[in-house]
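Working notes, structure below.
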Amino acid sequence: MSDTILVINAGSSSIKFQLFAIAPEKQLDRRLRGQIEGIGTRPRLVASDATGQRVIDKVWGTDEVGELHHALDRLVVFLREYVGRLPVAVGHRVVHGGPEFIEPTLLNSRVLDHLQRFVPLAPLHQPNNLAPIRIVLERQPHLLQVACFDTAFHRHHSEIADRYAIPDRFYREGVRRYGFHGLSYEYIASRIPQVAPEIGDHRVVVAHLGSGASMCAQQGGKSIESSMGFTALDGLPMGTRPGQIDAGVVLYLMNEKGMSVKDVEHFLYNDCGLKGLSGISNDVRDLLSSVDPRAKLALDYFAYRIALFGGMLATALGGIDGLVFTAGIGENAPAIRRAVVARMSCFGIELSETANGKNQLRISSDASRVGCYVVPTDEELMIARHTLQMLQMQKMPKEKRA
Ligand code: ADP
């Protein structure tokens with residue numbers, strides 16, 4: 001096989017990975033996708049090739065694969081066997097780049113130490129994202145590693161979009177409206193000129209609706225505003241997170257209900273959103289197939305809030321020419337898109353029922369003033385592209401590098 005790039009998205013108990021071959025025209029060709037899950041409980045490596053065919057499904061005991069570095073070792077053994085050699089570079093998804101990291105960055109121990117400083121800004125994700133980087137740096141110090149940030153695409157927001165109305169000293173120490181899902185939005189921005197050139201230079205609102213959900217206002221392919229803020233708790237309701245919530249509710253939980261900081265954190269990340277509201281499930285598929293009125297309430301609430309944020313982002317853009325749905329729910333749930341668009345009809349958006357029902361690319365009717373689209377996202381490909389670019393840059397003589 002030709003040279004490959006490994007993309008890693010590491011969570012608390014799993015490592016998701018994809019492997020891309022660098023094809024002759026410097027195209028990226030997806031060869032594998034898989035994950036090691038249950039690290040510390042029931043470690044299992046599964047991976048499929050580009051056709052979806054399972055190429056490995058292996059379970060270990062926790063005495064063999066109890067920690068992250070054991071899991072990475074197993075992954076390396078598998079890749080060596082499957083590909084014949086190690087990847088030439090590794091691209092990592094890193095949730096937080098803080099105020100400074102505004103683009104993909106080559107990793108070394110100095111950069112890693114710097115990224116470690118953002119752990120308080122994303123305590124549940126950042127440590128997991130950084131752990132495999134450190135292990136690879138220790139074991140393969142010469143292997144090129146690139147950090148790709150969920151925050152970077154939003155780092156050119158205006159100051160007014162970037163601030164909370166709190167004293168300046170907090171802004172200076174990093175309490176800012178960062179915005180997340182940036183790799184997804186960047187990928188969508190790169191696809192729009194190809195799949196929907198009619199809205200390419202215009203005012204576009206993108207709704208990334210997965211188990212985490214947010215929206216982004218884009219003008220000419222650049223992010224100018226986001227529904228998410230300091231953390232990935234803000235904005236839209238999500239599978240288990242409430243989205244925008246009055247800070248007074250948090251004070252109430254602590255003052256009146258005696259909840260600790262840890263209790264509140266767990267509550268906001270795990271017990272709220274669609275799950276909390278419905279009392280049934282965090283999964284939109286379950287709620288769509290339920291006849292329970294609480295499921296209907298949760299889905300109505302979800303669509304209502306998406307439409308409200310759509311209006312807010314349209315204001316940030318001074319109008320709206322395109323609305324794009326993406327991620328698990330955005331790509332696959334016609335009923336949610338229908339409910340959102342019905343609430344946004346005042347903007348001149350109207351769906352084609354047939355196109356929407358089939359998850360087609362363009363789902364707006366011919367009469368719609370605003371183009372409405374379903375564009376599948378691909379965050380891993382975006383990471384692989386950035387990593388390839390960095391690899392090419394490293395091969396250039398120093399004076400030619402940007
Ligand atoms: P993640 O944020 O975990 O990457 P995804 O973008 O894969 O999430 O989205 C996962 C969510 O997408 C699931 O929780 C489920 O609610 C929703 N989903 C996936 N497939 C469908 C479907 N066919 N219909 C409705 N919702 C779906």
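The values are calculated or read from the model by the stated rules, or taken from the named source; none is laboratory data. Remember, it's a predicted structure, so these values are computed and weren't measured experimentally. Neighbour counts run over all protein chains shown; Cβ positions are idealised from the backbone, glycine included. Ligands, DNA and RNA are excluded from the accessible area calculation, which covers all protein heavy atoms including side chains. Shrake-Rupley method; radii C 1.70, N 1.55, O 1.52, S 1.80 Å.
Quick notes
- Qualifying positions in segment 207-225 - surrounded by 23 or more Cβ atoms within 10 Å (Cβ to Cβ) and in contact with a Lys or Arg (Cβ under 7 Å, 6 or more places away or on another chain): none
- Contact annotation: residue pairs with Cβ atoms under 6 Å, 6 or more positions apart or on different chains, pairing a residue in segment 275-291 that is open to solvent by 70 Å² or more (accessible area, probe 1.4 Å) with a partner that is part of a helix (DSSP H, G or I) and of a type in the set (Lys, Arg), are Asn282/Lys275.
- Elements of type helices (runs of 4 or more DSSP H) contained in segment 140-244, each with 1 or more residues being more than 16 Å from the ligand (Cβ to nearest atom) and touching a Leu at 6+ places or on another chain (Cβ under 9 Å): 182-195
- Residue tally, condition open to solvent by less than 20 Å² (accessible area, probe 1.4 Å) and either among the hydrophobic types (A, V, I, L, M, F, W, C) or within 19 Å of Arg80 (Cα to Cα) (or both), over segment 23-47: 6
- Entirely in segment 1-119, the strands (runs of 3 or more DSSP E) that have 3 or more residues that are closer than 25 Å to Ala232 by Cα: 4-10, 15-22, 28-37, 89-94
- Evaluating Gln392 against the criteria (1) of a type in the set (S, T, N, Q); (2) out of contact with any Pro (no Cβ under 6 Å at 6 or more places or on another chain); (3) open to solvent by less than 30 Å² (accessible area, probe 1.4 Å) leaves one unmet condition, (3).
- Segment 308-347, residues that are open to solvent by less than 40 Å² (accessible area, probe 1.4 Å) and either among the polar types (S, T, N, Q) or without any contact (Cβ under 8 Å) to a residue 24 or more places away in the chain (or both): Thr326
- Restricted to segment 270-382, the set of helices (runs of 4 or more DSSP H) holding at least 1 residues that are more than 15 Å from the ligand (Cβ to nearest atom) and hydroxyl-bearing (Ser, Thr, Tyr) comprises 293-317, 353-357.
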